[in-house]
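Remarks on the structure that follows.
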Amino acid sequence: MILFEEAQKILNKTPVQPETEGVKSDETLDRILAQDIVSKINVPHFNKSAMDGYAVISKDRSKEFKVIETIPAGKVPQKKVHLGECAKIMTGGIVPEAADQVIKKELTVEEDGTMRMNGKEKNKNVCLVGEDVKKGDRVLKKGTLLRTQEVGVLASLGLDQLKVYKKPQAGIISTGSELVSPGKSIAPSQIYDSNSYSLSAQVLKSGANLLGHKMVLDDPDKIKKAVTDFMGFCDVLLISGGVSMGDFDYVPSILKKLGFTLHFEKVAIKPGKPTVFGTKDHQFVFGIPGNPVSTFVVFELFIRPFLYRMMGHTYEPFLMTGVLKEKIQRRKTKRASYIPVEYKQGFIKKLPYHGSAHIHALTRANGLLCIPRGVKEIKAGRKVHVRPI
């Protein structure tokens with residue numbers, strides 16, 4: 001059994017070969033940039049009005065201003081502003097030559113082509129050339145995960161084609177003779193297969209492509225065939241169940257027979273101790289415990305960061321800091337424990353949780369709290385870090 005940190009190091013040092021492809025800007029959400037983005041323009045590329053109002057020379061102390069033209073957004077001003085003059089301007093319009101301030105409309109009265117101020121304007125209300133981005137600036141780095149805000153920035157630079165990393169192709173096998181697909185009738189000794197569905201959702205949320213999922217009985221020949229079939233066309237395979245020490249836990253031995261090198265088979269975490277990671281050429285496999293909370297936690301701790309690495313991105317979850325409402329105790333301390341908690345308004349609340357089969361507890365949680373190895377108790381009132389889920 002290895003420590004969580006050792007497993008992390010192994011995964012981080014495992015060579016991956018992200019490939020790239022070109023996509024349109026409107027297809028970049030949740031993709032990973034495969035190039036630095038250096039701006040070819042200033043943003044804005046003209047002095048832009050931040051308000052509806054009147055463009056003036058800021059040092060002008062005139063009591064009245066002659067309105068010389070109206071400038072809507074998208075129109076080039078035709079006249080230069082002089083002392084005693086102003087240009088009526090809309091938000092986003094080009095500030096005319098010589099003007100350097102926009103008096104917002106609420107502070108003015110216009111009558112018969114003349115504008116008078118009825119209040120004092122304290123702000124310039126002008127977005128200057130290059131105020132947001134200067135030509136030649138590196139706006140985004142290679143390896144950036146493109147969220148909605150990055151998509152908007154890329155469009156503001158006029159880019160319609162970008163180079164991103166290709167999505168890894170992932171397959172899922174859920175093992176267990178007790179499993180039944182949702183929608184079918186169930187016998188007293190059976191349970192519904194939830195792992196295929198939760199893992200599928202996690203894979204898709206990570207930005208990888210899901211090639212499909214398959215449910216397999218606890219039969220070594222059937223498991224071997226399913227693995228062989230999937231590895232014919234996927235980059236990473238996730239196998240839930242069949243990885244522990246029971247008589248029907250065939251997965252590790254099957255992977256070895258198929259030529260996979262297993263880099264670890266047990267990790268000092270709870271839930272998720274019998275976690276397997278193997279490689280063969282440029283293909284990767286994770287064997288995950290079958291209990292649904294174990295499956296969920298192992299994915300968040302190990303598989304999500306690895307999928308992002310395969311797409312050229314370093315995944316670092318944002319940790320929420322909060323105050324523990326009530327103490328947390330445990331008896332066994334040889335492994336780091338991850339328990340579902342609720343984070344709300346700076347406080348962390350322990351939830352009813354009955355162990356790694358209690359997937360319903362995750363629906364009430366928005367974070368995972370780690371109890372470090374060797375720690376028996378975390379007292380109420382302590383500040384702790386929570387991994388969001």
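Can you find, within region 156-197, the residue that is nearest to residue 283 (Cα to Cα) among those that are in a strand (DSSP E or B) and β-branched (Val, Ile, Thr)? Steps first, answer last, please.
Residues of region 156-197 in a strand (DSSP E or B): 161-165, 169-175, 179-180, 191-192.
Next, from what is left, pick out any that are β-branched (Val, Ile, Thr): 164, 172-173, 175, 180, 191.
On the way: 164: 21, 172: 14, 173: 15, 175: 20, 180: 29, 191: 31 Å.
Within region 156-197, the match that is nearest to residue 283 (Cα to Cα) is 172.
Looking for something in contact with a strand residue (DSSP E or B) (Cβ under 7 Å, 6 or more places away or on another chain) and in contact (Cβ under 8 Å) with a residue 60 or more places away in the chain - is there at least one such residue anywhere in region 110-122? Don't jump to the end; show me each part of the working.
Kept after step one, since they are in contact with a strand residue (DSSP E or B) (Cβ under 7 Å, 6 or more places away or on another chain), are these residues of region 110-122: 110, 113-118, 121.
If we keep only those that are in contact (Cβ under 8 Å) with a residue 60 or more places away in the chain too, we end up with 115.
Scanning region 110-122, I find at least one residue that is in contact with a strand residue (DSSP E or B) (Cβ under 7 Å, 6 or more places away or on another chain) and in contact (Cβ under 8 Å) with a residue 60 or more places away in the chain, so the answer is yes.
Taking the criterion of being within 14 Å of residue 117 (Cβ to Cβ), assigned to a strand (DSSP E or B) and under 47 Å from the mean Cα position of the chain (by Cα), the residues of region 31-86 that qualify are 53, 54, 55, 56. Among residues of region 198-212 being out of contact with any Lys or Arg (no Cβ under 9 Å at 6 or more places or on another chain) and assigned to a strand (DSSP E or B), the one that is nearest to residue 145 (Cα to Cα) is 210.
Scanning region 332-378 for residues that are of a type in the set (Phe, Trp, Tyr), surrounded by fewer than 17 Cβ atoms within 10 Å (Cβ to Cβ) and assigned to a strand (DSSP E or B) turns up just one, 347. Counting only strands (runs of 3 or more DSSP E) that sit wholly inside region 257-330, not one has at least 3 residues that are among the basic types (Lys, Arg).
Results for (1) within 22 Å of the chain's Cα centre (by Cα); (2) of a type in the set (Gly, Ala, Ser), shown as yes or no for each residue.
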{"site": "290", "(1), (2)": "no, yes"}
{"site": "306", "(1), (2)": "yes, no"}
{"site": "310", "(1), (2)": "yes, no"}
{"site": "316", "(1), (2)": "yes, no"}
{"site": "322", "(1), (2)": "yes, yes"}
{"site": "329", "(1), (2)": "no, no"}
{"site": "340", "(1), (2)": "yes, no"}
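Among the numbered conditions (1) under 30 Å from residue 141 (Cβ atoms); (2) surrounded by fewer than 23 Cβ atoms within 10 Å (Cβ to Cβ); (3) at pLDDT 95 or above, tell me where residue 284 comes up short. Of the numbered conditions (1) under 30 Å from residue 141 (Cβ atoms); (2) surrounded by fewer than 23 Cβ atoms within 10 Å (Cβ to Cβ); (3) at pLDDT 95 or above, the odd one out for residue 284 is (2).
Only one of the numbered conditions (1) closer than 19 Å to residue 121 by Cβ; (2) small (Gly, Ala, Ser); (3) in a helix (DSSP H, G or I) is violated by residue 7, and that is (1). Within region 10-24, the set of residues being in a strand (DSSP E or B) and either of a type outside the set (D, E, K, R) or under 18 Å from residue 371 (Cβ atoms) (or both) comprises 20, 22, 23.
The values are calculated or read from the model by the stated rules, or taken from the named source; none is laboratory data. Predicted model only: the values in this text are computed from it and were never measured. A quick note on method: Cβ atoms are made from the backbone with ideal geometry, for glycine too, and the neighbour counts reach across all protein chains shown.
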